[in-house]
1. Of everything in the range 121-162 that's among the β-branched types (Val, Ile, Thr) and in contact with a Cys (Cβ under 9 Å, 6 or more places away or on another chain), which residue is farthest from Val191 (Cα to Cα)?
2. Hey, among Leu170, Leu129, Leu163, which residue is over 15 Å from the mean Cα position of the chain (by Cα) and crowded, with 20+ Cβ neighbours inside 10 Å?
3. Do we find that Ser186 is open to solvent by less than 10 Å² (accessible area, probe 1.4 Å) and of a type in the set (Ser, Thr, Tyr) in this structure?
4. If I go through the range 15-32 residue by residue, how many of them are surrounded by 15 or more Cβ atoms within 10 Å (Cβ to Cβ) and either among the hydroxyl-bearing types (Ser, Thr, Tyr) or within 17 Å of Ala218 (Cβ to Cβ) (or both)?
5. Mind checking which residues of the range 7-40 are of a type outside the set (Lys, Arg) and in contact with an Asp or Glu (Cβ under 8 Å, 6 or more places away or on another chain)?
6. Name the pairs whose Cβ atoms lie under 7 Å apart, with the first residue in the range 180-206 and of a type in the set (S, T, N, Q) and in a loop (DSSP other than H, G, I, E, B), the second open to solvent by less than 20 Å² (accessible area, probe 1.4 Å) and modelled with pLDDT of 95 or more, and 6 or more positions between them or separate chains?
7. In the range 59-97, what count of residues is obtained for those that are more than 25 Å from Lys22 (Cα to Cα) and open to solvent by less than 40 Å² (accessible area, probe 1.4 Å)?
8. Which residue pairs have Cβ atoms closer than 7 Å, lie 6 or more positions apart in sequence or on different chains, and pair a first residue in the range 101-124 that is more than 20 Å from Val182 (Cα to Cα) with a second residue that is surrounded by fewer than 19 Cβ atoms within 10 Å (Cβ to Cβ) and of a type in the set (D, E, K, R)?
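The values are calculated or read from the model by the stated rules, or taken from the named source; none is laboratory data. Please read these numbers as outputs of a predicted model, since none were measured by experiment. Reconstructed Cβ throughout: ideal geometry from the backbone, glycine too, with neighbour counts over all protein chains shown. To get the accessible areas, we keep the full protein, side chains included, count just its heavy atoms, and leave off ligands, DNA and RNA. Shrake-Rupley method; radii C 1.70, N 1.55, O 1.52, S 1.80 Å.
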Amino acid sequence: MSIDLSKGIRVESFTKIYGGAKGRVACSDVSFSADASRVVGILGPNGAGKSSLLKALCGFHYPSSGKISVCGTGDPNEIRRITGYVPEFPELDKKLTVIETLYLEARLRGLSEPEIKKNIEKAVSLAELEDVAGQKVGTLSKGYTQRASFAKAICFDPMVLVLDEFSGGLDPAQTVKMRRTVKKLSEKKIVIQSTHRIEEAEQLCDFIYVMDRGKMVASGTIKEIVAGSGKKNLEEAFISLTQGKMEGES
């Protein structure tokens, strides 16, 4: 099956149940789509099912039912090959330097030496890691560690970039710069950002899906979601749509 960015991401009736048929339902009958040239947001309270959906989009686990297609393939192995994932909490080997981390990731992805050199230089530049490139990950500040995690996700030039609550470890200045970088990358990649922060969705996302308790409860541009809820702004619409849950609640 050929991989084609123009086919985007298509999710039909995705359901994920942990622990068998009578286990915990994380996502129920979720439909979702995303294409390149815009940042697609998944906005919802903690525990809404965002991470369960993202992990399926990255090929980390299978749907209990429903279909997922990423750039024309439903094969989890193929999906993982073309997807860069930035988890909420960085998953990096603290004994490796930043450069070693990126080299290992690019090498494992099958890039040639010239491609590795070119992509690592670009990733370090985009994440603004020049000053710490030779340092061990375990010595980095929280912000630098998060940016190293971002660089790891893009160092092999993936077609799809998935960010899970990414900005939690960044200071305000870093957040603004990284949002600009993400927007730029979205011009030629499929970019998905999950968040429970209203301001992040407003500043970064071109199209938003609102999740609550494992279901999609709204989708559209900010104006469309606000208009459909009958509220004054996205914050009020979000609270209404998520049954009164405030940001950060589980």
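1. Here is the first cut: in the range 121-162, the ones among the β-branched types (Val, Ile, Thr) are 124, 132, 137, 139, 145, 154, 160, 162.
Those left that are additionally in contact with a Cys (Cβ under 9 Å, 6 or more places away or on another chain): 124, 160, 162.
Numbers: Val124: 19, Val160: 6, Val162: 6 Å.
Step by step, filter the range 121-162, then rank; the result is Val124.
2. Working: Leu170 fails: crowded, with 20+ Cβ neighbours inside 10 Å; Leu163 fails: over 15 Å from the mean Cα position of the chain (by Cα).
Of Leu170, Leu129, Leu163, the one residue that is over 15 Å from the mean Cα position of the chain (by Cα) and crowded, with 20+ Cβ neighbours inside 10 Å is Leu129.
3. Values: open to solvent by less than 10 Å² (accessible area, probe 1.4 Å): yes; of a type in the set (Ser, Thr, Tyr): yes.
When the stated conditions are applied, Ser186 passes them.
4. Pass one, the range 15-32, residues surrounded by 15 or more Cβ atoms within 10 Å (Cβ to Cβ): 15-17, 25-28, 30, 32.
Subset that is either among the hydroxyl-bearing types (Ser, Thr, Tyr) or within 17 Å of Ala218 (Cβ to Cβ) (or both): 15, 27-28, 30, 32.
Total meeting the criteria: 5.
5. First, the residues of the range 7-40 that are of a type outside the set (Lys, Arg): 8-9, 11-15, 17-21, 23, 25-37, 39-40.
Scanning the range 7-40 gives Gly8, Ile9, Ser13, Phe14, Thr15, Ser31, Ala36, Ser37, Val39, Val40.
6. Ser186/Val39
7. 13
8. Final answer for the pair search is Thr101/Asp93; Ile116/Arg107.
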